[in-house]
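A.B. asks: I am attaching a structure below and will ask some questions about it afterwards.
The values are calculated or read from the model by the stated rules, or taken from the named source; none is laboratory data. Note that the structure is predicted; figures quoted are calculated from it, not measured. A quick note on method: Cβ atoms are made from the backbone with ideal geometry, for glycine too, and the neighbour counts reach across all protein chains shown.
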Amino acid sequence: MSSKKSRILLIYTGGTIGMMKDYVSGALKAFDFSQLLKNIPELNQLDCTIASLSFEYPIDSSNMNPDHWVAIAEIIGSNYGEYDGFVVLHGSDTMSYTASALSFLLENLAKPVILTGSQLPIGDLRTDAKENLITAIQIAALQEKGKSVIQEVGLYFEYKLYRGNRTTKINAEHFQAFASLNYPHLIESGVHLSIFHEYLLPKKKNAVLKVHNAMDDNVAILKLFPGINKNIVEAVLGAKDLKALILETYGSGNAPMEDWFLEKLKFAIKNGIHIINVTQCSGGAVLMGHYETSSKLKKMQVINGKDITTEAAIAKAMYLLGSGVSNELFKTVFETSLRGEML
Ligand code: ASP
């Protein structure tokens, strides 16, 4: 452990975690983050210095969009030299999308960016916010031989740190609101913090952070269901300026074999639309060609999403389109793990 105190920047974007109960009126109101240490004196016990900044207008995470993702990435970029770690406080509803997007936007990240939030406001008696916040800060402050232990975008919730781009929100009620079904968690918080070093992204040497700032939102998600008809498929594939479609298929990447369906996909691909096969199962991977119902997709150059989450797939598609990857290279690059988001 280094003797130097880690400097942590807390970025409040909105969400339940930032609410406090006014004990006079009983109403929930936005928490003043400049008063953070005063309101949560426990933070004084942490062996790090904490600065905070807040979105001018904190938002419910249902209102997050790619401009916000870029804004968060740029805040991290412009404060990168001053701090050893970043904690992003965020509503839980779309936290997995933001975590995925940040993982792509922050290339060569060598410091921790930990997203956290809570199911109950920080001022609530039974809140999960304090534990999530305190441990997220502790994790962001972890140093070994003067280097950050975590050098990636993580998501901390209910005693576990996950790789952010592997997570999905799975429960609107339980404190354990997130899961990472295709990748083990990175840290578990018990009496001690158990760090599973073998699952962390490798440490980067002399990495220079590159902050990307373009996301192309000409993308869509189409979840297959028995009975999906021509009009629906046609409407989605015919959307103006559509460039990439995340196709949520069955099981290990299977889709109906009806001619009209396959012809529509083939036609779209011929017209330059990237179609990415992602399973609608919460765990497991696409294995195109395993069944007859997926071998046709493979033949027509549908992109293999392997074990990527839908959240990471949509963020990756926006990022690759925004970064101007050529149409010829898009499939190869998409099928390559860039930030540990897929096999
Ligand atoms: N609707 C809230 C949000 O995502 C829920 C939460 O904060 O957990 O902003």
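A.B. asks: Are any of the residues in segment 296-312 over 19 Å from the mean Cα position of the chain (by Cα), in a helix (DSSP H, G or I) and exposed (fewer than 14 other Cβ atoms within 10 Å of the Cβ)?
C.D. replies: Yes; the residues of segment 296-312 include at least one that is over 19 Å from the mean Cα position of the chain (by Cα), in a helix (DSSP H, G or I) and exposed (fewer than 14 other Cβ atoms within 10 Å of the Cβ).
A.B. asks: When C48 is evaluated against the numbered criteria (1) within 22 Å of L105 (Cα to Cα); (2) surrounded by 14 or more Cβ atoms within 10 Å (Cβ to Cβ); (3) at pLDDT 95 or above, which criterion, by number, is the only one it fails?
C.D. replies: Exception for C48: condition (1).
A.B. asks: Does segment 185-217 hold any residues that are under 19 Å from I76 (Cα atoms) and assigned to a strand (DSSP E or B), and which are they?
C.D. replies: Matches in segment 185-217: K210, V211.
A.B. asks: Specify which of the listed residues (I40, I76, I17, I114) is over 23 Å from the mean Cα position of the chain (by Cα) and aliphatic (A, V, I, L, M).
C.D. replies: Numbers: I76 fails: over 23 Å from the mean Cα position of the chain (by Cα); I17 fails: over 23 Å from the mean Cα position of the chain (by Cα); I114 fails: over 23 Å from the mean Cα position of the chain (by Cα).
One residue alone meets the criteria, I40.
Results for (1) out of contact with any helix residue (DSSP H, G or I) (no Cβ under 9 Å at 6 or more places or on another chain); (2) β-branched (V, I, T); (3) crowded, with 20+ Cβ neighbours inside 10 Å, shown as yes or no for each residue.
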{"site": "V113", "(1), (2), (3)": "no, yes, yes"}
{"site": "T127", "(1), (2), (3)": "no, yes, yes"}
{"site": "L161", "(1), (2), (3)": "no, no, yes"}
{"site": "R166", "(1), (2), (3)": "no, no, yes"}
{"site": "E173", "(1), (2), (3)": "yes, no, no"}
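A.B. asks: Here is a check on your reading of the model: is P226 within 22 Å of G305 (Cβ to Cβ) and assigned to a loop (DSSP other than H, G, I, E, B)?
C.D. replies: yes
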